[in-house]
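The values are calculated or read from the model by the stated rules, or taken from the named source; none is laboratory data. Note that the coordinates shown come from a computational prediction; the quantities given were computed from them, not determined experimentally. In this analysis, Cβ positions are derived from the backbone assuming ideal geometry, glycine residues included, and neighbour counts consider all displayed protein chains. Quick note on the areas: whole protein, heavy atoms, side chains included, nothing else; ligands and nucleic acids left out. Shrake-Rupley method; radii C 1.70, N 1.55, O 1.52, S 1.80 Å.
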Amino acid sequence: MGNLLCCVQVDQSTVAIKERFGKFEEVLEPGCHCLPWFLGCQLSGHLSLRLQQLDVRCETKTKDNVFVNVVASIQYRALADKANEAFYKLSNTRSQIQAYVFDVIRASVPKLNLDDTFEQKNEIAKAVEEELEKAMSAYGYEIVQTLIVDIEPDEHVKRAMNEINAAARMRVAANEKAEAEKILQIKRAEGEAESKYLSGLGIARQRQAIVDGLRDSVLGFSVNVPGTTAKDVMDMVLVTQYFDTMKEIGAASKSSAVFIPHGPGAVRDVASQIRDGLLQASHHNQ
C-alpha cells in the first residue's frame, strides 16, 4: 500500500538508502518519506544505527609456546553521516571486523608470555581497537569499545598452573610451620634454661641453709656442753645422720641403694670433709 501511495516509513535508529534509477541519491532519516517509484525512485535497503556487538574467538600461541583461545568483544555502529559508505563499501561487515581482530591478536599475543598475556589484556584490547578504528572509519563505522573478555589456555596448561600455585602455597605454609616450630623450640629451651637456673638456685640456697643450721647447732652445743669441741659435735651429728640414713634404706622393701664406702669407720673421713667445709664457710662469712 505504501508503494502504491509512493510513501515509505523509516523506523527509529535506522536510515534508508534512496536510489534513483540505480544510483545513490540520499539517505532517508527515520519518519515518513515520499518515494515516487514512477520517477525511478526506490529504496535500496535499510541500515541500522544501533550499537552492535561481535564476539570473536581467536586461537593463537604465546611467546612461551602455549596455545590459547582469546575471546574479544567488539562493539560498533554505523555513522549516520556516513551511512552511504557503510552501506555500499562493505558487503559483510562482521567478517571484515573479524579479520582485523585476528590480525591484531595474532600479532600481539605471540610477543608475550602466558602470564603477561593475562596481565596485559587491556593493552591487547587497546591495540585491537586502534587498528579497527583506523580501518573501519574509512567504511563509515565507529568502534565504540573493544574488550578482551576471556583468555583460555589448554586444559592441561590450566591444571599445571593450578598445581604450580598450590605447590607455592604449600611451600609458604611449610616455611611458616617450620618458623613456628623454631619459635616453640626456642621458647622451650629458654624455659628449660630458666627452670634449671631456678632449680640450681634453690639447691644452692638449700645447701647454704643446711650449712648454716649445722654451724649454729655445733656452736650452740659447744657453748652449752663445756669441754666439747666443734669436731666432737660434728662427729656425733654425722654418726647420727649415718645411722638414720641406714635405717631409712633398710626400711624400704624394694630399695636398691648401696652406701659406699660402708662402715662406721668411714664416717671419720666424711666428718673431716664436712668439718673442713663448715670451717671454710664460717671463715668466709666472717
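For region 7-48, the solvent-accessible area with a 1.4 angstrom probe is 59 square angstrom per residue. Only protein atoms count toward the accessible area here, which uses a 1.4 Å probe; on region 52-153, the carbon and sulfur part of that area reaches 43 percent. Where both bridge residues fall in region 1-157, DSSP classifies roughly 100% of the beta bridges as antiparallel.
Solvent-accessible area assigned to carbon and sulfur over region 7-48 amounts to 55 percent, based on a 1.4 Å probe.
Label-to-label distance, residue 63 versus residue 38, with points set 7 angstrom from Cα along the beta-carbon direction: 7.3 nm. Going 7 Å from the Cα of residue 26 toward and past its Cβ, which residues in region 37-72 have a backbone nitrogen under 20 Å from where you end up? What the label zone holds, given the 20 Å backbone N cut-off, is 37-49.
Shape of region 1-79 from its Cα gyration tensor (a ≥ b ≥ c, root eigenvalues): rounded if a/c is under 1.5, otherwise prolate when a/b > b/c, or oblate? Prolate, because a/c is 1.5 or more and a/b exceeds b/c.
In this structure, residue 174 and residue 123 have a Cβ-Cβ separation that, at R0 = 25 Å, corresponds to a calculated FRET efficiency of about 0.10. Does region 7-48 come out rounded, prolate or oblate, given a ≥ b ≥ c as the square roots of the eigenvalues of its C-alpha gyration tensor, rounded meaning a/c under 1.5 and, failing that, prolate meaning a/b above b/c? Cα axes put region 7-48 in the oblate bin. Overall form of region 52-153: prolate. Here a/c, set by the Cα gyration tensor axes a ≥ b ≥ c, is 1.5 or more, and a/b is the larger of a/b and b/c.
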